2 protein chains.
Amino acid sequence: MTTQHLSRELASFAANLKAADIPDDVMNRAEDLLVDWFGSTIAGKGSRPVELITQFAQNMGGFDAAHAGPSEILVSRKTSSPFLAAMANAAASHVAEQDDVHNGSVFHPATVVFPPALACAQALGSSGEELLVATVAGYEVGIRVGEFLGRSHYKVFHTTGTAGTLAAAAAVGRLLKLSPEQMLNAFGSAGTQSAGLWEFLRDAADSKQLHTAHAASTGLMSAYIAQAGFTGAQHILEGKQGLAAGMSSDSDPSKLVDRLGSRWALEETSFKYYASCRHTHPAADALLQVMLASKLAPSDIAKVETLVHQGAIDVLGPVTDPATVHQSKFSMGTVLALVAHYQFAGLQEFDKHFHDDEICAFRERVTMTLDPEVDGAYPQRWIGKVKVHLKSGQVLDGRVDEPKGDPGNTLSRAEITDKAMRLAAFSGGANPAEMNKAIDLLWNIRKQAKIGFLLPSN
Amino acid sequence: MTTQHLSRELASFAANLKAADIPDDVMNRAEDLLVDWFGSTIAGKGSRPVELITQFAQNMGGFDAAHAGPSEILVSRKTSSPFLAAMANAAASHVAEQDDVHNGSVFHPATVVFPPALACAQALGSSGEELLVATVAGYEVGIRVGEFLGRSHYKVFHTTGTAGTLAAAAAVGRLLKLSPEQMLNAFGSAGTQSAGLWEFLRDAADSKQLHTAHAASTGLMSAYIAQAGFTGAQHILEGKQGLAAGMSSDSDPSKLVDRLGSRWALEETSFKYYASCRHTHPAADALLQVMLASKLAPSDIAKVETLVHQGAIDVLGPVTDPATVHQSKFSMGTVLALVAHYQFAGLQEFDKHFHDDEICAFRERVTMTLDPEVDGAYPQRWIGKVKVHLKSGQVLDGRVDEPKGDPGNTLSRAEITDKAMRLAAFSGGANPAEMNKAIDLLWNIRKQAKIGFLLPSN
């Protein structure tokens, strides 16, 4: 620990952030991310783990038709308290694996920032601009905490769950207009509730939705109780018995305050193009590039060797024989097989084809090899490299420096809208008229004096 | 990991536990612990962090007079859902530092087992016997998880917060009559939400109450969603990306199933005699022994050297100049000063005297030294050893092998009742008539066909 008080600097930044400090590009990108998040949330409708957490949240609040809560649960069209609505919406927005990701921190900000921020904004009657400022605070804090925790942390912990509590606390804290002192206390409470282990991946268990629900709800709680006077550790991130001391062996405290106010990490956030774990995207794009360039059919291919970073091996390695749609999104072989056969690995492709014989057979022909260049560039850059071994004996190299959706290869507003519409159509979570109305409202959120409900209530 | 499935063995034990399997002594001790816990909870009334968490829990449920929840919040006499009531009661029962502790695991079981178990039992209308069986399940699981996580874990993590999620899930899971498979899923969800860092101690922050609230509520949630079909990691404790992999460097998987069904860890649990961190008790008893034997006054003493285990230094070491009553309970010097002056360090002594000039002056004359014998015996045995240096130049040795409250030196039912009455009188959380009635009910809990409310509602 240096004499600098890094947690306090970060907390003060979040507490003091104002719309006037934020470049217009960043505010625009925050809107893009909001619409993208909304689509991902609606995509969660009908998913078993999402419905179970939503049911729990509803059962544990005494809200009913005669007793309406101030915050909206998007997949059920019910209302509840900010705490319980944030829990349900955060569960919903991560399940389709279509929500955004920040490469450097390997952190999914939207699913832990927007649910608590929206729930709080609806309860307070905040303006659209206030929601966006809070969003930026949440992204800047969460991403820096993820970067700070480092790669050793991500080997065992789901950073979206752990750093997510801080991101949620920052966003909600900003809406609650916490003082820097209160924000630091909120960080203390959020960091000491940080949790989320990768162990569930081995069993295709439902925990990923629980992690985001937990981060969003506990982070929101941390901000609310801080406002009321509850104190927390002053150095929860970098202290001797703090988050990094317990859960990281390569933390870098300087990351916590990296160019605060001049570097906007929110703008570095990538949109998901395929409906799978982001670790699969670079190789999928590289394979597609080779297949299109050489006009290959899947049957031409004997084997695909993907050249990857260690994090991909850690997360995807245990998934050798995916038993569920969700687990198959963490199978490099399945993703590449879908891309080889359908040029896309979207929700529909996973749902209909992940266990087809030809997909499983192709999957078995895909391997992962640690590549020094890819690993060295990671996590700042997610380079895609493949060696495609043809049955003819020829070996073709594919390479993509920025996979589709990355900041240098981003989605247009039309593509974001279209993606959200497709996600809603897939899940049936809202009809096209409802989606059009909500998305139109979200594209114009800065004009909203008071955030209302996005969808008609049940 | 061996081929044994340790998490499953532990989960099956908890799911299959029946009253007939449990020796009568253990059931009786569970009643003792229940009454002791009840007193500690009432002692939390009026404590700022407890009131803040309680207020949050109440605000986040839509329960009001016309919309009563099934579960009782003891410090406010309001009702809520099991989830939110467990959160509030768990915050309340740990703040006075008067709740029980299991030495070997350095884990406080009552505060994370009884609040979720009682809240769930009230919601279900469980019998008193069912509540006690669930209690035993919670203690046996939580203590073994704490022992499994080891001393490296406790250096950074508050084991009551981390192992507490599993203890709460086991107790609630038993009440919900989960199958072994469901219980294992509940463990997966509980373990992946395990959290709680010691960093707050350095700042005398409020996090300890948040840790128990968090463990109780997330553990309860884990059991409820498991009943509904939510899955969790099958090896959350011992897996390659599980709890020990992330948060321990000396975990011992054999501890998870140590003599399940024959060793009753609940019986090894100690009652708190002083109102301070248990790490201070052995030395306090040893000092008192020397002072009484030699009829010493505090002014005779030049310095007290306490000979302690490393865990005491880790937890108490950072507290050099306690600023609050709560922090002073983690100050070895303050506790010994109170014992030297008042022969007791109870709630009243801390509240009135922790910052008196003579107490602070005595505090500065107390040191901690790592002692190989004490450290080697810990955590199975908490030996108290002191060297009392008199102003005369004489040095007196004090030694206590089992501090008051330990299983070999336990409290009688009369002492437990008296302690609860004193705690309630101190906080004003219930009047003597209310306490008598509730405690009488609790001593006869096995006759209750259906657990009702313990106190009159507001």
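Of the candidates A:LEU176, A:LEU166, the single residue that is more than 12 Å from every other protein chain (Cβ to nearest Cβ), open to solvent by 10 Å² or more (accessible area, probe 1.4 Å), touching a residue at least 40 places away in the same chain (Cβ under 8 Å) and closer than 17 Å to A:PHE83 by Cα is A:LEU176. Considering only segment B:12-60, how many residues are within 14 Å of another protein chain (Cβ to nearest Cβ) and either among the acidic types (Asp, Glu) or more than 30 Å from A:ALA190 (Cβ to Cβ) (or both)? Qualifying residue count, segment B:12-60: 1.
Let's see how each residue does on (1) touching a strand residue (DSSP E or B) at 6+ places or on another chain (Cβ under 8 Å); (2) at pLDDT below 95; (3) open to solvent by less than 10 Å² (accessible area, probe 1.4 Å); (4) assigned to a helix (DSSP H, G or I):
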position: A:GLN122; (1), (2), (3), (4): yes, no, no, yes
position: A:ILE143; (1), (2), (3), (4): yes, no, yes, yes
position: A:GLY146; (1), (2), (3), (4): yes, no, yes, yes
position: A:LEU149; (1), (2), (3), (4): yes, no, yes, yes
position: A:SER152; (1), (2), (3), (4): no, no, no, yes
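Taking A:SER189 as the residue in question, decide whether it is away from chain B (no Cβ under 14 Å) and either surrounded by 24 or more Cβ atoms within 10 Å (Cβ to Cβ) or touching a residue at least 40 places away in the same chain (Cβ under 8 Å) (or both). No: the conditions fail for A:SER189.
If you go through segment B:266-285 and keep only what is among the aliphatic types (A, V, I, L, M) and under 22 Å from B:GLY39 (Cβ atoms), you end up with B:LEU266, B:ALA275, B:ALA284.
Of all residues in segment A:327-365, those being touching a strand residue (DSSP E or B) at 6+ places or on another chain (Cβ under 7 Å) and within 19 Å of A:ARG202 (Cα to Cα) number 2.
I'm checking my understanding of the structure. Among residues of segment A:411-458 that are assigned to a loop (DSSP other than H, G, I, E, B) and among the polar types (S, T, N, Q), which one is most open to solvent (accessible area, probe 1.4 Å)? Full working, then the answer.
At the first step, the residues of segment A:411-458 found to be assigned to a loop (DSSP other than H, G, I, E, B) are A:411-412, A:428-431, A:444, A:448-458.
Narrowing the set further to residues that are among the polar types (S, T, N, Q) leaves A:412, A:431, A:444, A:448, A:457-458.
Working: A:SER412: 52, A:ASN431: 73, A:ASN444: 51, A:GLN448: 56, A:SER457: 70, A:ASN458: 136 Å².
Residue satisfying both the conditions and the ranking: A:ASN458.
The one condition from (1) in contact with a helix residue (DSSP H, G or I) (Cβ under 7 Å, 6 or more places away or on another chain); (2) open to solvent by 10 Å² or more (accessible area, probe 1.4 Å); (3) of a type outside the set (Asp, Glu) that B:LEU266 does not meet is (2).
So in segment A:417-458, with the set limited to residues that are of a type in the set (Phe, Trp, Tyr) and over 16 Å from A:LEU347 (Cα atoms), which one is nearest to the chain's Cα centre (by Cα)? Spell out how you get there, then give the answer.
As a first pass, look at segment A:417-458 and keep what is of a type in the set (Phe, Trp, Tyr): A:426, A:443, A:453.
Within this subset, residues satisfying the condition of being over 16 Å from A:LEU347 (Cα atoms) are A:443, A:453.
Values: A:TRP443: 20, A:PHE453: 22 Å.
Per the criteria, the residue is A:TRP443.
Selection of segment B:192-239 for residues being farther than 27 Å from B:GLN327 by Cα, at the interface with chain A (Cβ under 7 Å from one of its Cβ atoms) and either open to solvent by 10 Å² or more (accessible area, probe 1.4 Å) or among the charged types (D, E, K, R) (or both) yields B:TYR224, B:ALA228, B:GLY229, B:THR231, B:GLN234, B:HIS235.
Looking for something in contact with a Lys or Arg (Cβ under 6 Å, 6 or more places away or on another chain) and either touching a residue at least 24 places away in the same chain (Cβ under 8 Å) or not assigned by TED's automatic domain parsing to the domain that holds B:GLN209 (or both) - is there at least one such residue anywhere in segment B:117-128? Scanning segment B:117-128, I find at least one residue that is in contact with a Lys or Arg (Cβ under 6 Å, 6 or more places away or on another chain) and either touching a residue at least 24 places away in the same chain (Cβ under 8 Å) or not assigned by TED's automatic domain parsing to the domain that holds B:GLN209 (or both), so the answer is yes. Considering the conditions (1) farther than 20 Å from B:GLU364 by Cα; (2) touching a helix residue (DSSP H, G or I) at 6+ places or on another chain (Cβ under 7 Å), B:THR334 is excluded by exactly one of them, (1). Taken residue by residue, segment B:431-440 has at least one member that is out of contact with any strand residue (DSSP E or B) (no Cβ under 9 Å at 6 or more places or on another chain), assigned by TED's automatic domain parsing to the domain that holds B:SER40 and of a type in the set (Asp, Glu). Taking the conditions (1) surrounded by fewer than 15 Cβ atoms within 10 Å (Cβ to Cβ); (2) under 21 Å from B:ARG381 (Cα atoms); (3) not charged (D, E, K, R) in turn, B:SER299 satisfies each one other than (2).
Inside segment A:294-315, can you point out the residues that are among the hydrophobic types (A, V, I, L, M, F, W, C) and closer than 12 Å to A:THR369 by Cα? Walk me through it before giving the result.
Step one: list which residues in segment A:294-315 are among the hydrophobic types (A, V, I, L, M, F, W, C), which gives A:296-297, A:301-302, A:304, A:307-308, A:312-313, A:315.
Passing the criteria: A:VAL304, A:LEU307, A:VAL308, A:ALA312, A:ILE313.
Within segment B:94-117, the set of residues being open to solvent by 10 Å² or more (accessible area, probe 1.4 Å) and of a type in the set (A, V, I, L, M, F, W, C) comprises B:VAL95, B:VAL106.
Of the helices (runs of 4 or more DSSP H) lying entirely inside segment A:170-263, those containing at least 1 residues that are within 19 Å of the chain's Cα centre (by Cα) and charged (D, E, K, R) span A:207-228.
The values are calculated or read from the model by the stated rules, or taken from the named source; none is laboratory data. Given the structure is predicted, the values throughout are model-derived calculations rather than measurements. Glycine also receives a Cβ, built like all others from the backbone with ideal geometry; neighbour counts cover every protein chain displayed. SASA here: full protein model, heavy atoms, side chains in, ligands and nucleic acids out. Shrake-Rupley method; radii C 1.70, N 1.55, O 1.52, S 1.80 Å.
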